[in-house]
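Data first, discussion second: the structure below is written as structure tokens.
Throughout, read-outs are computed from the coordinates displayed, never taken from laboratory work. Just so it is clear, the model here is predicted, and its values are computed rather than measured. All Cβ positions, glycine included, derive from the backbone under ideal geometry; neighbour counts span all protein chains shown.
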Amino acid sequence: MIYLLCLVLFCVGIYGLLSKRNIIKMIVGLIIAEHAVNLFFILVAYRRNGRAPILAPDVAITQMVDPLPQALVLTAIVIGLATTALLVALAIRIYGKYGTYDIAKIRELRG
Amino acid sequence: MPEKPEPGMTILVKTVTRLTAWLILLYGIYIVLHGHISPGGGFAGGVIIALSFIHLMLAYGKEVVFRKLSKEMVELMESTGALVFLAIALLGLTTGYFFGNFLPAGEPFNLFSAGTIPLSNIAISFKVWAGLFAVFLALVLLRIDNVGE
Amino acid sequence: MVELYFLLVFMIIGSVGALQAKDLLSSVVALGAVGLGLCLTFLILKAPDVAITQLVVEILSIIILIRATLRKDLPEVPTGGWMFPSAMGVGFAVILLLVALKCFPDLPVFGEPKLRVAQHYLDSGLQETGAANLVASVILDYRAYDTLGEATVLLTAVMGVLAVVRKVGRKKPDQPEEQTDA
């Protein structure tokens, strides 16, 4: 059930990516889809009544959540930021050349 | 009112920034150095350090930051971080495989423990903050060019 | 786990608001709200490392996006034919949802992960690496190859941004730099 809500979030992002004509809105849709994928990894890693995967010197913690998907997501978040910056730089360049963020107008201006 | 307006925001924002920017920088360094015994690590700490510089830049304008830190310096630091990380990986070959942990594991829950993990954290934090700050500088300069058109 | 459902519904509503907002600035602000909801969700799911990283990365990406939209908060004027793209988007999302519903029985039950590889990390991570934070030991010791690849991707993205910027600078070398107030 919780997976379904996460998938709905992903679908909202894909909808924005496909159907918006403003470039910034498309970037926003891509970021939302990225968030949904990261959330899905962490949801798979969760263990009921689990603890965070950090050992303590005095207490013996027996039941921990899975550290492997957390490590993968940690790198994926930073990569997402870098690609977002690259997309924004390209979008600003497009704005400087055509004067608009609307992809339909950009197509008209070019053709 | 002065004739020539100073770059940056108002005096209120500047005063608060003078107090908080160094605290944010220190917090980032703490997060990086304690990455192997508490939550955090090179990625989060690197982004926090980059945010402290960006905070300074948003409040004071870009000349103040450029006086402390030029753009070539930032790019040099990013390359240095990448090279140090790669060097740690290659030194791991002395134990037999790439990224081998060639330092002793040490006492757990201590600051100086866990072999090469703190060194890798520092290298990655350098790389992340220099890279993201270079991206931010690039976007700011690009926007100036854009307004001129 | 009620708060988890609450936060996810909040995130879905916030992202729909971000996509349907009239001007770009409020869209970016709504995206920031979604990111903070995601950060709280990570904290509830016992992932403090990821929560800290998500929080600071969200702040930085919102700053970058706002710099792209600050002086150009044009209202989104639809220029004809908005029906077909939204129908296509909704249709694709529904098809994806239907296909993915067939995969759900194969997923592990929520709250009981498989832990095929990670059990070894949990059991002997402290003895083998000496790091108390097991996520750090996975990132920088067991799976440091992934981190090296990540560093390469970051370097490539930064180089791409710098290359995009340089092209502008070379075209008009004698243009005086204007003063910007951030």
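Of note:
- Estimated from helical segments only, the mean residue ellipticity of chain A at 222 nm is -25000 deg cm²/dmol, where each DSSP H run of four or more residues counts as -39500 (n - 2.57).
- Distance between the C-alpha centres of the range C:1-47 and the range B:21-71: 26 Å, rounded to the whole angstrom.
- Debye log10 I(q)/I(0) at q = 0.13, 0.21, 0.23 Å⁻¹ for chain A, Cα point scatterers: -0.65, -1.10, -1.20
- Distance violations [Cα-Cα > 26 Å] among A:K105/B:K62; A:K105/C:K22; A:K97/C:K22: A:K105/B:K62
- Förster radius 45 Å - calculated FRET efficiency between C:L97 and A:R48 (Cβ-Cβ, nearest 0.05): 0.95
- Highest mean first, the peptides C:104-111, B:24-31 sorted by other C-beta atoms within 10 Å per residue fall in the order B:24-31, C:104-111.
- Applying 1/(1 + (r/R0)^6) with r as the Cβ-Cβ distance of C:V9 and C:F84 and R0 = 35 angstrom yields a FRET efficiency of 0.75.
- Under the span-like rule (Cα at least 15 Å along the axis, Kyte-Doolittle mean at least 0.0), DSSP H helices of chain A: A:2-19, A:23-45, A:67-98
- Charged side chains reduced to their Cβ positions (Lys and Arg at +1, Asp and Glu at -1) give the range A:2-110 a dipole of some 500 debye around its Cα centre.
- At full extension, B:L23 and B:F66 could sit 13.5 nm farther apart than now, given 0.36 nm per residue minus the alpha carbon distance.
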